[in-house]
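Please treat every number below as a calculation from the coordinates, not as lab data. For clarity, every value in this text was computed on a predicted model and none was experimentally measured. FYI the Cβ positions are ideal-geometry reconstructions off the backbone, even for glycines, and counts take in every protein chain you see.
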């Protein structure tokens, strides 16, 4: 049985369509990267989002005095109770966003592949509020950040 949508009018065999091209990666300069405020945070509370199955609402101490509320789409990989005390990397200068009715005041960084998602966390204990880099234009500090932030799922 042939597929009429792929059969050419002349009766010759159908030629498969080429796969769509992957979108080109976005390239950012070191100056653009330097605009991100990355801080180490400690999760002090976590609960299921009241209006979403895949979101958790985290309370994160980033060394500012008052903790931040961050909504994260990590519920499929983490249980709320297991996150208490975990150190994470947080983007702290994002415009607040309301996700399914709950305000998020930052973003926790995570990495994923086809089968798992892991939070980005420091390899060693470091105080809440520690900066990801010393200055926005410091190539050396940015390189140290990328080298020193490890992916870990082990308890902190």
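Key figures
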quantity	calculated
Compactness relative to 2.2 N^0.38 Å, alpha carbon Rg of segment 13-55	2.32
Estimated inter-spin distance, residue 77 and residue 97, nm [label 7 Å along Cα→Cβ]	1.6
Additional length obtainable on full extension of the chain from residue 66 to residue 114, 0.36 nm per residue less Cα span	13.7 nm
Length gained when the stretch residue 26-residue 53 is fully extended (0.36 nm per residue, less Cα-Cα span)	6.7 nm
